[in-house]
Number of protein chains: 2
Amino acid sequence: MNERKKKVMEAAHSLFIEKGYAATSIQDILEKSAISKGTFYNYFPSKNELLISIFEKIHSETDQLRQEVIAGRPVQDKEVFIEQVKVKMEVNKRNNLFALFQGVFASEDEELKKFVKQHHLNELRWMQRRLIEVYGMRIRAFSLDLAVVMFGIIQNMLHFVIAIEENVKVEDVISYAMRRVDAAVDEITVSKDVLLDTRLLEKWQPNELQEQERKKSKLLQEIGAMQTKADKRTDQLLVFLQDEVREEAPRRLIMETVAKEIPQNKELVRLMNDFFDTDA
Amino acid sequence: MNERKKKVMEAAHSLFIEKGYAATSIQDILEKSAISKGTFYNYFPSKNELLISIFEKIHSETDQLRQEVIAGRPVQDKEVFIEQVKVKMEVNKRNNLFALFQGVFASEDEELKKFVKQHHLNELRWMQRRLIEVYGMRIRAFSLDLAVVMFGIIQNMLHFVIAIEENVKVEDVISYAMRRVDAAVDEITVSKDVLLDTRLLEKWQPNELQEQERKKSKLLQEIGAMQTKADKRTDQLLVFLQDEVREEAPRRLIMETVAKEIPQNKELVRLMNDFFDTDA
DNA sequence: TTTATAATATACCGGTTGTCCAAAAAAATC
DNA sequence: GATTTTTTTGGACAACCGGTATATTATAAA
């Protein structure tokens, strides 16, 4: 990614942490990163999209860390699980993500809200899966309940600790929650107490598809924008791309070949690569 | 309270529920309640203060309901406790308070944030106290932990249920949480597992003092505002009131007598009554 | 060197909350 | 009923906000 763009994101990020999302004006970001307004809107279509970019970066970095934590260690190891949770929570704390998420919900921006919500559900799904790995299939029927319980305890505990400005270690909180879940597992396997259907989350698009949808819509948006100022020939090419990207299995080679013939195609090509690369 | 003012609050309230806090402009409120901008700012110094007023009203009404639920029934009755929790949660849900609170945090208004935070702590304190009443003194050492756990489970569960748009009854969620806490109580009294010091909350100003501080500051603000357009004689009276209200134990009768001699004292008198009335 | 692309500065738009004020209306007081 | 006080009105205004549009300049690719 563009060095300059990265710099803007970092400046914005630190401002968001420092002053909060809503309280940070675009003017502030411009001044801190020493760019002009025009440049800013070249990089990001809106303040919200900038925030999403920052979120995405944090998440992917966090997931990376989580991977590293578990690498070469047994999935049922409770310590590994705790460490993985800790990674996330500490990132959240360090980046004031709690506050930022809340800011999002007030923004009334549907896309942004959806993004945060989806992230929350992903996180829950992750925890549900990991809990099954840790405690075994016997807790499968209660896995979603347990995930929500564990999440709730940790989140509320941290929230409380932050509110009263007391110093309690994140790992102590997580361990505490883990011990409560330990006990709950024993108890629930006896009482067979179930609240939520384990498959509730399955109905919700998993992350990758959601991501892919985002990318597709971005690409289509760009094509649409280009059409407004395209000549006849270019327009035909663009229409083809539009149709192709909407196909079940868009053919990358063809699309790239066609795109080559379109003038001012840089952003288009960038978004197309983004669309076809399953990994970010 | 002024009928008209009440009407404005109701209009704003319904708009906030409908469209959210940030998305509701003052203009919207003016139109819905059919008043002018000038009048609005006569009633409320800002949009934030209006929101606080609404919160206060909801809270006091909810507390009232809670009182009624327990009236004449034993404090250790679990069903009573569950019903009381349910009252609050249903009010929250009905009034979209989750979303409104989040809107608050985005507003970056310090007073508003403090208010919501204080409310959260009050709620925790209430639950801590009630848990002791329900389970007895033996859980005293773990009461704060348990309160946070219970709160966290309920809140997260409800949040999740709303997110996935599934219909799960509020009371089912609360009962579920209650059963988890039941088990946790048994387990913890054996393991003696403690995370948070029970007295952590004591340090935080209880609601009444906080309230009183708010009223005092409002009163002082009004006095300050009046001073700017007061003649010499009036100014002397105002200065006296200012000093008196800052005393340990302000003398109501004296202040009221002095206030009578001040022209255009309506709002002043109103705020003074508010200040001296311990009950709203 | 030419040409395409990126970055700049700035004016502008419609929106926001909140201030201010003169004038009209309503209420309270004499 | 007349006078005074209080409340309400409605709109101009200021200072912001996010975002658009554009003409100009700088930079890099051909």
Per the list (1) under 25 Å from residue A:93 (Cβ atoms); (2) free of Cβ contacts under 8 Å to residues at least 60 places away in the same chain, residue check on residue A:36 breaks on (1)
Here is a list of conditions, (1) within 12 Å of DNA strand D (Cβ to nearest atom); (2) under 28 Å from residue A:172 (Cα atoms), and residue A:57 meets all of them except one; can you say which number that is?
(1)
How many residues does segment B:56-79 contain that are under 18 Å from residue B:271 (Cα atoms) and open to solvent by 70 Å² or more (accessible area, probe 1.4 Å)?
1
Just wondering, is there one or more residues in segment B:192-208 that are facing another protein chain (nearest Cβ under 10 Å) and assigned to a helix (DSSP H, G or I)?
yes
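Rundown of residues vs (1) closer than 30 Å to residue B:131 by Cβ; (2) within 16 Å of DNA strand C (Cβ to nearest atom); (3) charged (D, E, K, R); (4) in contact with an Asp or Glu (Cβ under 8 Å, 6 or more places away or on another chain), yes/no style:
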| position | (1), (2), (3), (4) |
| --- | --- |
| B:6 | no, yes, yes, no |
| B:29 | no, yes, no, no |
| B:52 | yes, yes, no, yes |
| B:56 | yes, no, yes, no |
| B:61 | yes, no, yes, no |
| B:79 | yes, no, yes, no |
| B:85 | yes, no, no, no |
Could you please find all residues in segment A:117-144 being at the interface with chain B (Cβ under 10 Å from one of its Cβ atoms) and either open to solvent by less than 20 Å² (accessible area, probe 1.4 Å) or modelled with pLDDT of 95 or more (or both)?
A:118, A:121, A:124, A:144
Would you tally the residues in segment A:133-149 being within 19 Å of residue A:63 (Cα to Cα) and out of contact with any Phe, Trp or Tyr (no Cβ under 6 Å at 6 or more places or on another chain)?
2
Kindly evaluate residue A:162 against the criterion of being open to solvent by less than 10 Å² (accessible area, probe 1.4 Å) and either over 15 Å from residue B:195 (Cβ atoms) or not charged (D, E, K, R) (or both).
no
Residue B:63 fails exactly one of the following numbered conditions: (1) within 16 Å of DNA strand D (Cβ to nearest atom); (2) more than 14 Å from every other protein chain (Cβ to nearest Cβ). What is the number of that condition?
(1)
In segment A:11-28, what residues are more than 16 Å from residue A:98 (Cβ to Cβ) and in a helix (DSSP H, G or I)?
A:11, A:12, A:14, A:15, A:26, A:27, A:28
Identify the single condition in (1) near DNA strand C (Cβ under 9 Å from one of its atoms); (2) modelled with pLDDT of 90 or more; (3) within 14 Å of chain A (Cβ to nearest Cβ) that residue B:46 does not satisfy, given that it satisfies every other one.
(3)
Taking segment B:2-24 only, how many residues are without any contact (Cβ under 8 Å) to a residue 60 or more places away in the chain and away from DNA strand D (no atom under 12 Å from the Cβ)?
10
Mind checking which residues of segment A:147-188 are acidic (Asp, Glu) and over 25 Å from the mean Cα position of the chain (by Cα)?
A:165, A:166, A:172, A:182, A:186, A:187
Could you run through segment A:29-55 and say how many residues are open to solvent by 60 Å² or more (accessible area, probe 1.4 Å) and not in a loop (DSSP other than H, G, I, E, B)?
5
Candidate set: segment A:103-114, residues that are part of a helix (DSSP H, G or I) and surrounded by fewer than 20 Cβ atoms within 10 Å (Cβ to Cβ); chosen: the one farthest from the other protein chains (Cβ to nearest Cβ)
A:111
Within the set of pairs 6+ apart or on separate chains, which have a first residue in segment B:124-150 that is β-branched (Val, Ile, Thr), a second that is not in a helix (DSSP H, G or I), and C-beta atoms under 9 Å apart?
B:134/B:75; B:134/B:76; B:134/B:77; B:148/B:195; B:148/B:196
Any residue at all in segment B:4-15 that's within 14 Å of chain A (Cβ to nearest Cβ), of a type in the set (Val, Ile, Thr) and open to solvent by less than 40 Å² (accessible area, probe 1.4 Å)?
no
So, residue B:40, is that one more than 13 Å from residue B:100 (Cα to Cα) and either in the same structural domain as residue B:84 (by TED's automatic domain parsing) or within 13 Å of DNA strand D (Cβ to nearest atom) (or both) or not?
yes
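The values are calculated or read from the model by the stated rules, or taken from the named source; none is laboratory data. Quick caveat, the model's predicted, so the values are computed rather than measured. Please note: Cβ atoms are built from the backbone with ideal geometry, for glycine as well, and neighbour counts cover all protein chains shown. Each accessible area value is taken on the protein alone, full model and side chains, heavy atoms only, with ligands, DNA and RNA left out. Shrake-Rupley method; radii C 1.70, N 1.55, O 1.52, S 1.80 Å.
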